[in-house]
Structures are given as C-alpha cells and as structure tokens.
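The values are calculated or read from the model by the stated rules, or taken from the named source; none is laboratory data. Since this is a predicted model, take the numbers as computed values, not measurements. Here the Cβ positions follow ideal geometry from the backbone for every residue, glycine too, while neighbour counts run over all protein chains shown. We work out accessible area using only protein heavy atoms, side chains counted, and drop any ligands, DNA or RNA first. Shrake-Rupley method; radii C 1.70, N 1.55, O 1.52, S 1.80 Å.
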Amino acid sequence: MQLPSHSPARRRIEGSGTTEPSWIGSPHILDLEPAESADWAMRFARIWILAPHPDDEILALGGTLAKLSQQGADIRIISVTDGEASHRQSTAWSPERLTEVRPLEMLRGLGQLGVEAEVIRLGLPDGRVGAHRTGLLKTLAERVEKEDLLLATCRFDGHPDHEACGDVAVLAGELSGATVFEYPVWMWHWALPHEASIPWARAKRLPIDAGIVARKRAALDEFKSQVEPDGSRPPILPPHVLPRFLRPFEVVFT
Ligand SMILES: [Zn+2]
C-alpha cells in the first residue's frame with residue numbers, strides 16, 4: 001500500500017481519510033453478512049492472492065490467510081510489484097533498497113501469521129501496473145483454473161495499481177471460470193460509510209479471532225519501511241491508518 005502518483009477523480013486518496021470510528025459505527029459495517037461457514041474457502045482447489053504491492057495481502061487479508069493456512073489451503077500470492085515507489089522524495093529509501101527490503105518484509109509478515117504460501121514475484125513497475133494489463137492477464141490466465149479462488153484488490157479501490165489488478169482479475173475470472181473476490185485496501189481511506197458507489201450488497205465479513213488479530217499486529221510491525229517515519233517525514237502507514245486493518249474481521253466483495 002502506498003500513495004499513488006494519481007487517483008481517479010472520485011476516489012482521491014488524500015488527507016488522513018475516513019476515521020475508524022466512522023466505519024465501525026456505520027450500518028454498512030454492522031450489518032455485513034458473514035461468510036457462510038468457517039471453512040468457506042476450502043471448496044476451492046487453490047487460493048490466489050493478487051497483491052499490487054508487498055503488504056496489501058497482509059493489510060487486507062492477513063487474518064484470513066492465517067486461518068486458511070491453518071486449514072491446509074493451497075495459497076499462492078502473486079506479488080505484482082516490489083513496491084519500489086513508496087518513498088518518492090526519500091534519500092534514505094531508494095527504489096533499489098525498497099525492491100530489496102519490501103518483499104522481505106512481506107515474507108516476515110507471513111511468517112508472523114504462520115502463513116505457508118508460494119510467492120510469485122512479477123516485478124512490474126510500481127505505479128504503472130495499468131500499462132501492463134495484457135501481460136498480467138496472460139500470467140493469470142496461464143495459472144488460475146476454474147476450481148480456484150482469485151482474490152484481488154477492488155476495481156474501485158482508488159489506487160491505480162490496485163484498480164488495474166482488480167480489472168485484470170475480473171477478466172481472468174471470465175476467461176478461466178475461476179471465482180473472483182475483491183478486497184479493499186484504500187477504499188477505507190477515500191470512501192465515506194454512506195458512499196453510494198460501494199457495492200455493499202456484495203460485501204462479506206470474514207471473522208478473525210483475537211489471537212490472529214494479535215499476530216496480524218506483529219505482522220504489520222514487520223513492514224518497517226511503511227510503519228516507521230522516514231527521518232522527519234511521517235510513515236507511509238501512519239498510526240491512525242492501522243486500525244482499519246486490525247479489526248476482528250476482514251472484508252471481501254464477492
Ligand atoms: Zn498497494
């Protein structure tokens with residue numbers, strides 16, 4: 001997760017975003033339908049997670065991945081970029097350093113969560129995934145099969161890379177017959193709880209118990225490049241953002 005170079009006009013990511021108390025008290029969140037059963041995902045042969053940047057998979061779905069891994073699911077993470085553009089003005093965090101560090105932070109985070117997963121790094125340019133849709137679709141079409149679940153960032157998430165991944169995942173689902181669910185990361189920032197454009201009827205709540213939330217907190221602490229200040233600059237993921245990702249549930253759009 002990182003600040004985009006530009007955002008679609010209606011879904012601009014700026015300022016400190018929607019506060020967590022606004023979300024938690026909103027009827028949309030309180031009334032979210034839970035997934036039908038604890039082992040809802042085990043009917044799929046493989047669980048693919050399309051993550052635009054190293055951290056999106058854990059921010060949005062770390063708890064769910066921990067549960068699925070405990071249940072023995074075959075989890076495969078497609079890490080689309082290495083997240084090298086998160087610190088555009090920084091002297092301490094060069095793109096080369098971030099390319100090295102961020103994928104390692106993700107692996108440490110998965111370790112904290114006890115997630116066993118195959119990780120496939122594509123190395124597409126951070127911030128320009130949209131220019132590589134054809135290649136990304138080919139990559140997915142070669143791998144994802146009809147009996148699989150593909151989890152991808154929302155087509156309306158507000159970050160160009162996230163939306164490009166969502167667009168391509170939906171196409172890949174149409175081609176392969178795989179089930180596609182979308183997960184929000186930046187939506188929690190730009191949207192308001194009464195936002196009419198959010199397809200709440202498709203949203204599902206995936207419950208996370210307190211033990212796994214604690215492990216997710218430890219996993220987020222591994223993303224030091226994102227959660228620690230960069231000299232006098234604030235962190236990419238400041239403290240007020242983290243509670244969005246430490247709720248006792250995660251959300252997907254089915
Ligand atoms: Zn991201």
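Remarks
- For region 109-130, the count of residues that are open to solvent by 40 Å² or more (accessible area, probe 1.4 Å), assigned to a helix (DSSP H, G or I) and at pLDDT 95 or above is nonzero.
- Taken together, the residues in region 1-30 that are more than 16 Å from the ligand (Cβ to nearest atom), assigned to a loop (DSSP other than H, G, I, E, B) and modelled with pLDDT of 80 or more amount to 5.
- Single residue of 136, 151 found to be modelled with pLDDT of 95 or more, within 15 Å of the ligand (Cβ to nearest atom), surrounded by 23 or more Cβ atoms within 10 Å (Cβ to Cβ) and within 15 Å of the chain's Cα centre (by Cα): 151
- Failed item, numbered, when residue 251 is tested on (1) crowded, with 16+ Cβ neighbours inside 10 Å; (2) under 27 Å from residue 99 (Cα atoms): (2)
- Residue match in region 49-68 (condition: among the hydrophobic types (A, V, I, L, M, F, W, C), at pLDDT below 90 and either open to solvent by 10 Å² or more (accessible area, probe 1.4 Å) or within 17 Å of residue 203 (Cβ to Cβ) (or both)): no
- Evaluation of residue 105 against the conditions (1) more than 15 Å from the chain's Cα centre (by Cα); (2) among the acidic types (Asp, Glu); (3) closer than 20 Å to residue 216 by Cβ shows that the sole unmet condition is (1).
- Residue within region 74-81 that is small (Gly, Ala, Ser), open to solvent by less than 40 Å² (accessible area, probe 1.4 Å), away from the ligand (no atom under 16 Å from the Cβ) and touching a Pro at 6+ places or on another chain (Cβ under 8 Å) present: no
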